Amino acid sequence: MSKTPIWKSIALSLTSDIAEGRYGTGDRLPTEAQLAAQHGVNRHTVRRALSEMAEQGLVHSRRGAGVFVATQPTDYPIGKRVRYHKSISASGKIPGKTILSLTTRAADEAEADALQIAQGDAVHVYDGLSLADGQPIALFQSIFPAGRLPNILEALQDTNSVTKALHRCGVTDYTRISTRLTARAATATQALHLRLPQGAPVLFSAGLNANLEGSPVEYGRTVFAGERVTLTVNDE
């Protein structure tokens, strides 16, 4: 197993400090000399770590003044009744979504198994980008059973909200019945959409939502920008 480069360990340590509130938005980080002494490395190594964080949108430098925290990672809960806009607003940020595509195709094996339909049955697919304060934090794909929700794409086009679209299609409430999280490295396409370097750490989530009768209504795959989001698991 290859060791994590020292500069990356420093970047991850500083990102953790920001996520845990040791440095708030607008705070100045220790100087390169201070960080180099703290970690027992040269300033070039520290500079590379800070450059990586700047590429992630976490910090920015001011000539002659230092390096400052640009934004804190967005807290995002994962639970039974999480709603995107409500959760991002609760974190103190402005939520947003961009529709990338709305299509209909045949379900693959995993999608069919999750949605309790036959492989090859039609599914409606919503690909999009989730934003917090205008910064991309997640690339998502929501898959819906076309037979149960024939008009979901039109509703999504009008509302750009899964909750509102489902409500318009007769699903007045729904809950998350399963979530699976996996750490991965960003592909070229994911990195492009999320404005990350290729290979940057991301968190992959696969989740299933069902209506109150227990019938699956949405199977979702989401790629979260690892250093911009803090995922918390709760029972709500």
query = Would the stretch 172-185 turn up any residue that is out of contact with any strand residue (DSSP E or B) (no Cβ under 7 Å at 6 or more places or on another chain), small (Gly, Ala, Ser) and without any contact (Cβ under 8 Å) to a residue 40 or more places away in the chain?
reply = no
ask   = Can you name every residue in the stretch 156-194 that is part of a loop (DSSP other than H, G, I, E, B), under 20 Å from the mean Cα position of the chain (by Cα) and within 18 Å of Ser87 (Cβ to Cβ)?
value = Asn160, Ser161
task = Kindly check whether there is at least one residue in the stretch 77-92 that is hydroxyl-bearing (Ser, Thr, Tyr), under 18 Å from the mean Cα position of the chain (by Cα) and part of a loop (DSSP other than H, G, I, E, B).
result = yes
note = Exactly one of Leu131, Leu149 is in a loop (DSSP other than H, G, I, E, B) and closer than 21 Å to Lys164 by Cβ, and that one is Leu149
ask   = Out of the residues in the stretch 102-118 that are more than 18 Å from Ala206 (Cβ to Cβ) and among the polar types (S, T, N, Q), which is most open to solvent (accessible area, probe 1.4 Å)?
value = Thr104
request  = Name the single residue, out of those in the stretch 114-128 being in a strand (DSSP E or B) and of a type in the set (A, V, I, L, M, F, W, C), that is nearest to Arg228 (Cα to Cα).
outcome  = Val125
request  = For the stretch 50-64, state whether one or more residues are open to solvent by 20 Å² or more (accessible area, probe 1.4 Å), farther than 20 Å from Pro197 by Cβ and of a type in the set (Lys, Arg).
outcome  = yes
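This table checks each residue for (1) closer than 26 Å to Pro95 by Cα; (2) out of contact with any strand residue (DSSP E or B) (no Cβ under 9 Å at 6 or more places or on another chain).
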residue	(1), (2)
Leu115	no, no
Ala122	no, no
Tyr126	yes, no
Leu129	yes, no
Pro136	yes, no
Gln141	yes, no
Ala146	no, no
Ala155	yes, yes
Ala165	yes, no
message = Quick check on my filter: what residues within the stretch 3-19 are open to solvent by less than 20 Å² (accessible area, probe 1.4 Å) and either modelled with pLDDT under 85 or under 17 Å from the mean Cα position of the chain (by Cα) (or both)?
response = Thr15, Ile18
request  = Search the stretch 20-44 for residues being within 19 Å of Ser61 (Cα to Cα) and acidic (Asp, Glu), and hand back the single one that is least open to solvent (accessible area, probe 1.4 Å).
outcome  = Glu32
key: Whichever residue in the stretch 134-146 is open to solvent by 10 Å² or more (accessible area, probe 1.4 Å) and either modelled with pLDDT of 95 or more or part of a strand (DSSP E or B) (or both) and, among such residues, is farthest from Pro216 (Cα to Cα)   = Gln135
Residue under evaluation Gly21, criteria (1) on the phi < 0 side of the Ramachandran plot; (2) not in a helix (DSSP H, G or I), criterion not met = (1)
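The values are calculated or read from the model by the stated rules, or taken from the named source; none is laboratory data. Only a predicted model underlies this, so the values are computations on that prediction, with no experimental measurement involved. Please note: Cβ atoms are built from the backbone with ideal geometry, for glycine as well, and neighbour counts cover all protein chains shown. Protein only, heavy atoms only, side chains kept; ligands, DNA and RNA dropped before computing areas. Shrake-Rupley method; radii C 1.70, N 1.55, O 1.52, S 1.80 Å.
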